[in-house]
Amino acid sequence: MKRVSLAVLLSLGAIATSAYAQSDQGVRMSTDPAVAADVEFRAQNLQSQQDQMQNMQSQASAHKSMHHKKHSKSAGASQ
């Protein structure tokens with residue numbers, strides 16, 4: 001019973017949060033080409049920022065794994 005109540009409570013919280021976030025500016029429609037171009041430009045910028053962050057994270061994790069491999073090889077060679 002507690003799990004069901006917790007799940008319902010979390011669901012209602014998520015719905016309320018998304019409704020609050022959407023009510024801030026709402027959805028706007030425009031047929032103005034300049035507005036559409038601005039939206040596309042912002043979307044491309046966001047996408048490139050996300051791609052850069054993912055690349056940096058993957059490089060950092062690859063760099064860390066290389067350190068672990070070097071240490072384990074050198075530890076095995078000294079024994």
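A quick yes/no check of all residues on (1) among the aromatic types (F, W, Y); (2) modelled with pLDDT of 80 or more; (3) in contact with an Asp or Glu (Cβ under 8 Å, 6 or more places away or on another chain); (4) part of a helix (DSSP H, G or I):
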{"residue": "V4", "(1), (2), (3), (4)": "no, yes, no, yes"}
{"residue": "A7", "(1), (2), (3), (4)": "no, yes, no, yes"}
{"residue": "Q25", "(1), (2), (3), (4)": "no, no, no, no"}
{"residue": "M29", "(1), (2), (3), (4)": "no, yes, no, no"}
{"residue": "H63", "(1), (2), (3), (4)": "no, no, no, yes"}
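May I ask you to list pairs of residues, at least six apart or on different chains, whose Cβ atoms are under 8 Å apart, with the first in the range 10-39 being of a type in the set (S, T, Y) and the second being at pLDDT 75 or above?
S30/A36
The values are calculated or read from the model by the stated rules, or taken from the named source; none is laboratory data. No experiment lies behind these values; they were computed from the predicted model shown. No Cβ is skipped: glycine too gets one built from the backbone with ideal geometry, and neighbour counts run over all protein chains shown.
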